[in-house]
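What follows is calculated from the coordinates using simple rules that are stated; it is not laboratory data. In this text, all values refer to a predicted model and were calculated from it rather than measured experimentally. Glycine also receives a Cβ, built like all others from the backbone with ideal geometry; neighbour counts cover every protein chain displayed.
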There are 2 protein chains.
Amino acid sequence: MTTREQHAHTTTWLLNQPADAVLTAKHKYDVADAVKICYEYHMPVIAFGIGSSLEGQLNAPYGGLCIDMSQMDEVVAINEEDLTATVQAGVTREVLNDYLRATGLFFPLDPGANATIGGMVATRASGTNAVRYGTMKEVVLSLEVVLPTGEIIKTGTRAKKSSAGYDLTRLIVGSEGTLGIVTEVTVKLFGQPEVIGSGTCHFPSIDMACQATIATIQMCLPIARIELLDPIQIRACNQYSGLSLPEKATLFVEFHGTKQSVAEQANLFEQIIEDFGGSDFEWGSDEAVRKKLWSARHHAYYAACALRPTARGLSTDACVPISRLAECVTQTQADIQKSGMLAPIVGHVGDGNFHVLLLVDTNNDEELKKAEEILERLAVRAIEMGGTCTGEHGIGQGKRKYMQKEHGTAIGVMQAIKQAIDPRGIMNPGKIWFDLGDNATSTNESKT
Amino acid sequence: MTTREQHAHTTTWLLNQPADAVLTAKHKYDVADAVKICYEYHMPVIAFGIGSSLEGQLNAPYGGLCIDMSQMDEVVAINEEDLTATVQAGVTREVLNDYLRATGLFFPLDPGANATIGGMVATRASGTNAVRYGTMKEVVLSLEVVLPTGEIIKTGTRAKKSSAGYDLTRLIVGSEGTLGIVTEVTVKLFGQPEVIGSGTCHFPSIDMACQATIATIQMCLPIARIELLDPIQIRACNQYSGLSLPEKATLFVEFHGTKQSVAEQANLFEQIIEDFGGSDFEWGSDEAVRKKLWSARHHAYYAACALRPTARGLSTDACVPISRLAECVTQTQADIQKSGMLAPIVGHVGDGNFHVLLLVDTNNDEELKKAEEILERLAVRAIEMGGTCTGEHGIGQGKRKYMQKEHGTAIGVMQAIKQAIDPRGIMNPGKIWFDLGDNATSTNESKT
């Protein structure tokens, strides 16, 4: 029972809905064989990476089989000349980067958690470096996928470009396991920067920090990271990670390049932020200082949770066109304050993407309701500003209700594709949309 | 008849197969209304932009209606703050860039021809700047699409990232009008570089020029353009565009950035090419010199055709992982020489992508056969080197025969999607694959 529940890991308030059984795959043929059987018996299949998804993607509301991919952890090939890596889906991004260390190359995407590459494909993950290096949709070159019938396909090649037929790679990226199970991934790599400069600066308000971010992006400064932390999050990080930053709206930034280019970027950035009341910009290329800073950013979730140890941290994300970012963040902040909730805001603001971390006593129904209302208003606000209810966490179970508002009639096309590729509806049913249109056996509904 | 034939424009040896009628659309509802009627009567629909596609994409082998999109040429919105432009599908890239001139922004993709943005979506176009700015799959944010039923959908938002459902935008990009007709496109824009440095350098062989390109990419130099021209193409450009370059394998390069950064890139590039026998590297940021150089590159097709005025220029492209580029280009060059054909090679070599321009007397069956065999061997060679039979021209009618070899069983998934979205097979039938699986009325087969 414990194993089954661990594999339905969820950091939302969604109930844990375990699968009926967990299979640990060691080879693509393990996956293919298991899926073939599930296909025959109309049984749901849910792929599990490391359990870091945030919207109930791993729950099994209709029971079925969970396939644990974490032991498919082989780095299949590093092609240094082509700047590509081919890995099994269970390889985590940290393992890949450890493997790459001696090559002078790195895999830049960093969603915070040490997710598996397969899981990052599933949710179209991105994170702190995406402002410069792109999201999973940009860095994945090709995939090996087990289809609902158990058939194995390859999408794409290692060539950097192709105009040969439909882009199945991008269709699978972000499909949250609803079209097939990814067993192998080829990603682009990048050269480790000669110099990395990191720094922080402070602003009189969230609005000003966002405005400075917008100006930085509009100047086409090739910034590698630009992360907003609101005053509450700064307080949390100071306490948790031993920093001593002023409790103000703060940007953590990073520049990649040659020594000369990093200095040029930092100088330009300093000039930009001055116009927005930015102050105390301190930066340097010392690795120890940098590690301390980004380690604090990575631990933002735990730091925030420590502000209220009895509560649970519910993380959500939204993304808007950057011109609407300041407005969206400040409206959200006002909404949180009005509700009397504790909810730090952090974000990959260079992409117009930010997170709200609601600290909720999940035993308190009134609080839960308030939290749910804040999340709902945020999703609607982002969509109405021409954005999306999720920039990088995915829909899972938690955000299905916004799909219609965000996509309108385009949902019909998505569902036609789902029906065409997975006519029995066995691949991760109950995710992305409510209307399953499947024949999945509902073995588990009574258990949850 | 002339209008119909003009709209089935093809630069291949494929026969001109005109549609039964041409409709000039002025509004998305013109498109939607026409498609609705075609849907009702199972009639093929082919969208026409400016007629610059290269693989017979605009032919109407089963007759039907050609919808000319060129008068849907409104720039709908420029969002300078968000670095986005929304345009009707018939806007050409040059018109868009003229429109943007005063904003300090530009749309970087440059496939050579002054294609419409809608057409560039259809073929997943890219071109000279893609090595730095990406292809249409990277720069398109969202689309408005008329489905085969006449229903209009929006794919995506103007937010830079989203994890909300399937990536319909990327599915439509590159689908060559077989899933729907694009009526509006939102693309990313970029800041016009403060300084543009352009230059040329020469190599003792094609192989060395490719090796130097590979090294440049591996050094992660953010080069904006790196174009190979073989000695025959240089001769053609010298004659046609009044250049006086040595008839050697040559790279045309361009650097974008601040004054300091451009100089740094150029110096680094000069160091790299020395290891590969590169010589006479001359570069500068004078606009007149740059324009002359890139105008010659843009006219490469016409320049090559002028080498043999009685012949027709048939342009093909292939793309391989960059580590195989030198091998693929030199094998192709040897193959051309062995056949006694005249066929300059040019290419966007930073992406592993290159073009062969076969100068063929299309009245000479033997020559045509030889040319076809060269193209076939090139496509197979690229696929066998882990690449693709087309990097940016698309499949159309000309490359359908390579789809199976390149994609294997994944074709079944593509066809299932086609069938799900276009069950009557009315959208640009006879393209991408041979097996239509459609009910398109074959009114035109006897005419061609």
Per-residue mean of C-beta atoms belonging to partner chains within 10 Å, peptide B:403-413: 6
Calculated label separations, B:ASP286, copies of the chain, 7 Å along the beta-carbon direction, nm: 4.9
Local electrostatic count at A:HIS7 - Lys and Arg +1, Asp and Glu -1, tallied over other residues with Cβ under 12 Å: -2
Size of charge dipole - chain A - debye, nearest 20, with Cβ of Lys, Arg +1 and Asp, Glu -1, no other charges: 400
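So if I average 1/r over every pair of distinct C-alpha atoms in chain A and take the inverse, what Kirkwood radius in Å does that give?
So the Kirkwood estimate lands at 22.5 Å.
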Rg and Dmax [Cα atoms of the protein assembly as shown; Å; Rg one decimal, Dmax integer]: 27.0, 84
Normalised convex hull volume, the range B:1-117, alpha-carbon set, Å³ per residue: 107
Ordering of B:188-198, B:70-80 by burial proxy (mean other Cβ atoms within 10 Å per residue, highest first): B:188-198, B:70-80
In degrees, nearest ten, helix B:410-421 long axis to first principal axis of chain B (Cα): 40
Cut-off under 5 Å, modelled amide H: who pairs with B:ARG225 long-range: B:GLU254
Whole-Å distance, taken between Cα centres, linking the range A:240-290 and the range A:14-44: 47
Counting DSSP beta bridges with both ends in the range B:1-148, the antiparallel % (nearest 5): 35
Degrees separating the helix A:325-339 axis from the principal Cα axis of chain A, which is the longest one: 80
Spin-label pair A:SER339/A:GLN239, simplified geometry with 7 Å Cα→Cβ offset, distance in nm: 2.0
With 5 Å bins from 0: P(r) over the range B:3-68, alpha-carbon pairs, percent: 4, 20, 30, 22, 15, 7, 2
Rg followed by Dmax, in Å, when the range B:75-191 is reduced to its Cα trace: 13.2, 40
7 Å along Cα→Cβ, label-point gaps from A:GLU194 to other copies, nm, shortest first: 1.8
Distances in nm from A:VAL76 to the matching label points in the other copies, shortest first (labels 7 Å along Cα to Cβ): 3.9
Viscosity 1.567 mPa s, temperature 4 °C, Stokes-Einstein D of the range B:195-385 from Kirkwood C-alpha radius, µm²/s: 77
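Could the peptides A:384-396, A:94-106, B:406-418 be put in order, highest first, of the mean number of other beta-carbon atoms found within 10 Å of their residues? Intermediate values should be presented prior to the final figure.
Values: A:384-396: 25.8, A:94-106: 15.6, B:406-418: 19.9.
Result, highest mean Cβ count within 10 Å first: A:384-396, B:406-418, A:94-106.
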Efficiency of FRET from Cβ geometry, B:LYS401 and B:THR310, R₀ 35 Å, rounded to 0.05: 0.80
Within 10 Å of each Cβ in B:172-179, the average number of Cβ atoms from other chains: 3
DSSP beta bridge pairing in the protein assembly as shown, given as percent antiparallel to the nearest 5: 85
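Inside 10 Å of the C-beta atoms of B:214-224, what's the mean count of C-beta atoms belonging to other chains? Intermediate results must be reported in sequence, preceding the final value.
Numbers: counts 2, 1, 0, 5, 7, 2, 11, 1, 3, 0, 0.
Average per residue, whole number: 3.
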Part-to-part distance (alpha-carbon centres) for the range B:317-371 and the range B:150-198, which is given in Å: 31
Only Lys, Arg (+1) and Asp, Glu (-1) charged, at Cβ; the range B:12-137 dipole about Cα centre in debye: 300
Cβ-derived FRET efficiency at R0 45 Å, A:GLU384 paired with B:VAL95, nearest 0.05: 0.90
The range A:195-385, dipole about Cα centre (Lys/Arg Cβ +1, Asp/Glu Cβ -1), debye to the nearest 20: 380
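Which percent, to the nearest 5, of DSSP beta bridges fully inside chain B are antiparallel?
Details: 56 of 66 bridges.
Rounded to the nearest five, the antiparallel share is 85 percent.
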Crossing angle, helix B:365-384 versus chain B [Cα axis fit, 0-90 degrees, rounded to tens]: 80
